[in-house]
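Student: Take this structure, written in structure tokens, and hold onto it; I'll ask about it next.
The values are calculated or read from the model by the stated rules, or taken from the named source; none is laboratory data. These figures come from a predicted structure and were not determined experimentally. Heads up, the Cβs are rebuilt from the backbone with ideal geometry, glycines too, and the neighbour counts pull from every protein chain shown. Just the protein is used for accessible areas: all its heavy atoms, side chains included, with ligands, DNA and RNA removed. Shrake-Rupley method; radii C 1.70, N 1.55, O 1.52, S 1.80 Å.
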Amino acid sequence: MSNKITSRSENFSKWYNDIIINADLAENSGVRGCMVIKPYGFAIWEEMKSLLDQMFKETGHVNAYFPIFIPKSFFSKEASHVDGFAKECAVVTHYRLKNDIDGNIIVDEEAKLEEELIVRPTSETIIWDTYKKWIKSYRDLPLLINQWANVVRWEMRTRLFLRTSEFLWQEGHTAHENKDQAIEETRKILAIYKDFIENNLAIPVVDGLKSSREKFAGAIDTYCVEALMQDGKALQAGTSHFLGQNFAKAFDVKFANRDGKLDYVWASSWGVSTRLIGALVMTHSDDRGLVLPPKLAPFQVVLVPIYHNEREYQELVSAMKKIAIQLRGLNIRVKTDFRDTHKPGWKFAEYEMKGVPIRIAMGPRDLANKTFELVRRDNLEKRTIEIDVIQDVIPNILAEMQSNLFSKANDFKKKNTFKVDDFDDFKAKIDNGGFVLAHWDGTPETEDEIKKITKATIRCIPIDSNHEKGECILTKKPSLKRVFFAKSY
RNA sequence: CGGGGUAUAGCGUAGUCCGGUUAUCGCGCGUCGUUUGGGACGACGAGGUCGCAGGUUCGAAUCCUGCUACCCCGACCA
């Protein structure tokens with residue numbers, strides 16, 4: 001077995017990096033803080049994209065594309081938005097290079113831009129500048145647009161997939177005629193995210209509102225889904241913002257309403273990013289490598305022949321090609337690995353590292369018995385199965401793995417979610433990792449103080465939780481409900 | 001931006017304190033042969049401006065100075 005991977009117990013973040021590198025998902029690039037997403041990692045993103053894209057389209061959204069550059073003046077229009085992002089913006093100041101006397105390439109100082117361009121950290125401003133032209137009447141609403149894009153946030157410290165200076169995401173930007181519709185949209189998307197993440201990534205999440213300290217700069221309310229990683233730290237998996245009329249006012253987007261009066265448009269915006277790949281790794285993977293839920297695995301089944309001579313090889317290849325065709329007919333993503341340059345054992349280790357859900361191996365003995373050997377990645381269980389029943393067995397096992405991974409993660413989440421009423425206990429539980437459900441007096445000052453003492457923040461304020469009266473864990477002031485605290489990524 | 005560390009072949013490294021022939025080892029890579037039911041083995045081979053620029057010295061990967069890049073720890077963050 002492989003010793004390329006640091007164990008989780010030894011060093012969790014090293015383990016995480018080892019998985020990313022050895023499973024061939026991504027690597028650091030020549031640009032500080034930016035990663036190269038490798039074909040296998042990108043294939044996972046493509047699976048996510050196509051599933052989510054379908055969900056957006058089924059709910060009436062359409063895709064469009066807006067520029068990567070944002071004039072500085074647009075950016076400055078919404079004050080709190082500027083505050084939120086100013087410290088991490090890349091700025092384009094020139095548009096030309098030239099050779100100096102020594103033949104070095106330098107910036108041509110004469111080619112200075114009249115107005116600097118910001119590389120988008122998010123697109124609200126450029127989009128609302130555009131929506132101003134598109135929206136005149138309630139008949140133009142709702143406007144439900146999504147874009148798949150890259151954004152840049154100049155991060156101090158980066159980690160593959162979890163925080164890089166450039167990352168890929170989708171950002172939805174919608175416009176509505178009234179507040180209720182905008183809030184409904186914001187919550188509808190949150191529900192889509194929860195559904196998508198739980199049912200496809202097999203990651204259980206808690207959903208709710210962000211505290212004012214944690215919410216998106218420029219939003220009235222930020223809704224979120226938060227997941228718990230194997231090391232007990234929380235990871236924000238997606239956010240959906242109710243923007244009120246903040247951006248409509250900043251960009252003067254008014255429409256004639258049904259009463260014939262001019263009013264500002266109501267808005268939402270929402271996004272999930274390639275960070276979800278990091279969530280996937282830290283939720284399901286083990287010390288042997290990546291573990292992928294079948295619904296997102298670029299290959300759900302891999303076929304490996306075991307042979308001793310050319311004749312056996314040919315027989316196995318032709319038998320396995322038939323199996324591949326059969327499985328593809330069931331919409332199963334299949335990879336056949338007939339390479340003669342690597343031994344079976346090598347391939348087994350390789351696909352384990354890459355988290356392929358099911359491995360099918362066939363040798364001469366199987367050929368004689370009309371069987372194959374099946375190993376599933378989640379529990380490494382090995383079975384011999386008759387080829388005749390392959391059409392039933394494979395889909396069943398894939399479905400079982402999908403739900404098995406979810407329930408394993410869900411058990412972990414439950415075991416690591418604690419109701420706490422005493423501050424010493426709070427500190428201890430936070431220190432150990434996990435979600436801590438505790439009362440909070442609702443003030444940013446208290447949240448700050450708790451963060452200072454414990455490094456934990458409020459990850460999520462449940463929306464429909466039973467209103468259980470209590471006392472703030474820190475200040476003992478009255479509180480109406482418990483909120484989720486955790487240390488986070 | 002503060003505090004610490006590292007830089008030697010594609011990757012991981014020994015050598016640096018205490019300067020001295022041709023810079024060590026493993027993985028990977030190439031050729032050939034034997035192999036193939038859990039990362040095979042043997043033989044041969046290719047691959048290096050020792051991060052960059054100066055300096056000290058008969059002689060520098062090794063000592064000195066400056067620079068650069070990256071990593072870790074903090075503050076900030078999807």
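Student: When you scan segment A:163-175, how many residues do you find that are more than 8 Å from RNA strand B (Cβ to nearest atom) and open to solvent by 10 Å² or more (accessible area, probe 1.4 Å)?
Tutor: Selection size over segment A:163-175: 1.
Student: Just checking: which of the strands (runs of 3 or more DSSP E) contained wholly in segment A:210-282 hold 2 or more residues that are closer than 27 Å to A:N200 by Cβ?
Tutor: A:221-228, A:234-244, A:266-273
Student: Quick test of your reading of the structure: A:E471 fulfils all but one of (1) more than 30 Å from A:P294 (Cα to Cα); (2) within 16 Å of RNA strand B (Cβ to nearest atom); (3) open to solvent by 50 Å² or more (accessible area, probe 1.4 Å). Name the failing condition by number.
Tutor: (2)
Student: Does A:R153 meet the test of being under 19 Å from A:A486 (Cβ atoms), near RNA strand B (Cβ under 10 Å from one of its atoms) and either open to solvent by 10 Å² or more (accessible area, probe 1.4 Å) or of a type in the set (D, E) (or both)?
Tutor: For A:R153, the condition - under 19 Å from A:A486 (Cβ atoms), near RNA strand B (Cβ under 10 Å from one of its atoms) and either open to solvent by 10 Å² or more (accessible area, probe 1.4 Å) or of a type in the set (D, E) (or both) - is not met.
Student: OK, next. So, A:K451, is that one among the basic types (K, R), open to solvent by 10 Å² or more (accessible area, probe 1.4 Å) and part of a loop (DSSP other than H, G, I, E, B) or not?
Tutor: no
Student: Name, by its number, the condition in (1) more than 29 Å from A:K295 (Cα to Cα); (2) touching a strand residue (DSSP E or B) at 6+ places or on another chain (Cβ under 7 Å); (3) of a type in the set (G, A, S); (4) not in a helix (DSSP H, G or I) that does not hold for A:A182.
Tutor: Checking A:A182 against (1) more than 29 Å from A:K295 (Cα to Cα); (2) touching a strand residue (DSSP E or B) at 6+ places or on another chain (Cβ under 7 Å); (3) of a type in the set (G, A, S); (4) not in a helix (DSSP H, G or I), the one that fails is (4).
Student: Which residue pairs have Cβ atoms under 6 Å apart, sit 6 or more places apart or on different chains, and have a first residue in segment A:266-279 that is of a type in the set (S, T, Y) and a second that is surrounded by fewer than 24 Cβ atoms within 10 Å (Cβ to Cβ) and assigned to a strand (DSSP E or B)?
Tutor: Hits for this filter: A:S273/A:F167; A:S273/A:W169; A:T274/A:F167; A:T274/A:L168.
Student: Residues of segment A:444-474 being touching a helix residue (DSSP H, G or I) at 6+ places or on another chain (Cβ under 9 Å) and free of Cβ contacts under 8 Å to residues at least 40 places away in the same chain, which ones?
Tutor: Those that are touching a helix residue (DSSP H, G or I) at 6+ places or on another chain (Cβ under 9 Å) and free of Cβ contacts under 8 Å to residues at least 40 places away in the same chain: A:I450, A:I453, A:T454, A:K455, A:A456, A:C472.
Student: Could I ask something else about it? Consider segment A:339-364. How many of its residues are more than 14 Å from A:M320 (Cα to Cα), open to solvent by 20 Å² or more (accessible area, probe 1.4 Å) and within 6 Å of RNA strand B (Cβ to nearest atom)?
Tutor: 8
Student: List every residue pair whose Cβ atoms lie under 7 Å apart, where the two residues are 6 or more positions apart in sequence or sit on different chains, the first residue falls within segment A:280-291 and is outside the structural domain of A:R377 (by TED's automatic domain parsing), and the second residue, located anywhere, is of a type in the set (K, R) and crowded, with 24+ Cβ neighbours inside 10 Å.
Tutor: Close Cβ pairs (under 7 Å, with a partner that is of a type in the set (K, R) and crowded, with 24+ Cβ neighbours inside 10 Å) amount to A:V291/A:R377.
Student: Consider segment A:250-270. How many of its residues are open to solvent by 10 Å² or more (accessible area, probe 1.4 Å) and within 16 Å of RNA strand B (Cβ to nearest atom)?
Tutor: Number satisfying all stated conditions: 0.
Student: A:R32: near RNA strand B (Cβ under 10 Å from one of its atoms) and modelled with pLDDT under 95, yes or no?
Tutor: Considered against the rule, which asks whether it is near RNA strand B (Cβ under 10 Å from one of its atoms) and modelled with pLDDT under 95, A:R32 comes out as yes.
Student: Then there is this: From the list A:P462, A:P444, A:P478, which one is modelled with pLDDT of 90 or more and either in contact with a Gly (Cβ under 7 Å, 6 or more places away or on another chain) or on the phi > 0 side of the Ramachandran plot (or both)?
Tutor: Being modelled with pLDDT of 90 or more and either in contact with a Gly (Cβ under 7 Å, 6 or more places away or on another chain) or on the phi > 0 side of the Ramachandran plot (or both) holds for just one of A:P462, A:P444, A:P478, which is A:P462.
Student: Please list, ordered by first then second residue, the pairs with beta carbon atoms under 8 Å, 6 or more apart or interchain, first in segment A:63-86 and outside any helix (DSSP H, G or I), second surrounded by fewer than 13 Cβ atoms within 10 Å (Cβ to Cβ).
Tutor: Listed pairs, sorted by first residue: A:P71/A:E115.
Student: Something else about it: For segment A:379-386, state whether one or more residues are over 30 Å from A:E310 (Cβ atoms), among the hydrophobic types (A, V, I, L, M, F, W, C), crowded, with 19+ Cβ neighbours inside 10 Å and within 16 Å of RNA strand B (Cβ to nearest atom).
Tutor: For segment A:379-386, residues over 30 Å from A:E310 (Cβ atoms), among the hydrophobic types (A, V, I, L, M, F, W, C), crowded, with 19+ Cβ neighbours inside 10 Å and within 16 Å of RNA strand B (Cβ to nearest atom): absent.
Student: What number of residues in segment A:402-428 are more than 13 Å from A:I473 (Cα to Cα) and among the basic types (K, R)?
Tutor: Looking only at that region, the number is 4.
Student: Out of the residues in segment A:7-59 meeting the condition of being out of contact with any strand residue (DSSP E or B) (no Cβ under 6 Å at 6 or more places or on another chain) and of a type in the set (F, W, Y), tell me which one is surrounded by the fewest Cβ atoms within 10 Å (Cβ to Cβ).
Tutor: This residue is A:Y40.
Student: Related question: Inspect segment A:419-426 for any residue being open to solvent by less than 70 Å² (accessible area, probe 1.4 Å), under 26 Å from A:T457 (Cβ atoms), more than 29 Å from the chain's Cα centre (by Cα) and of a type in the set (D, E, K, R) and give the result as yes or no.
Tutor: yes
Student: Report the residue count in segment A:184-221 for those that are free of Cβ contacts under 8 Å to residues at least 60 places away in the same chain, surrounded by fewer than 24 Cβ atoms within 10 Å (Cβ to Cβ) and over 13 Å from the mean Cα position of the chain (by Cα).
Tutor: Result for segment A:184-221: 6.
Student: Hey, another quick one. Quick test for you: out of A:E386, A:E381, A:E350, pick the one residue that is free of Cβ contacts under 8 Å to residues at least 24 places away in the same chain, under 30 Å from A:K408 (Cβ atoms) and either touching a Lys or Arg at 6+ places or on another chain (Cβ under 7 Å) or of a type in the set (V, I, T) (or both).
Tutor: Sole residue among the options that is free of Cβ contacts under 8 Å to residues at least 24 places away in the same chain, under 30 Å from A:K408 (Cβ atoms) and either touching a Lys or Arg at 6+ places or on another chain (Cβ under 7 Å) or of a type in the set (V, I, T) (or both): A:E386.
Student: Of the conditions (1) without any contact (Cβ under 8 Å) to a residue 60 or more places away in the chain; (2) closer than 12 Å to A:P204 by Cβ; (3) of a type in the set (G, A, S), A:A428 clears all except one; give me its number.
Tutor: (2) is the only condition that A:A428 fails.
Student: Let me ask you something else. Hey, any hits in segment A:292-307 for a residue that's within 11 Å of RNA strand B (Cβ to nearest atom), open to solvent by 10 Å² or more (accessible area, probe 1.4 Å) and of a type outside the set (S, T, Y)?
Tutor: Scanning segment A:292-307, I find at least one residue that is within 11 Å of RNA strand B (Cβ to nearest atom), open to solvent by 10 Å² or more (accessible area, probe 1.4 Å) and of a type outside the set (S, T, Y), so the answer is yes.
Student: Only one of (1) away from RNA strand B (no atom under 14 Å from the Cβ); (2) under 30 Å from A:H176 (Cβ atoms) fails for A:S80. Which number is that?
Tutor: (1)
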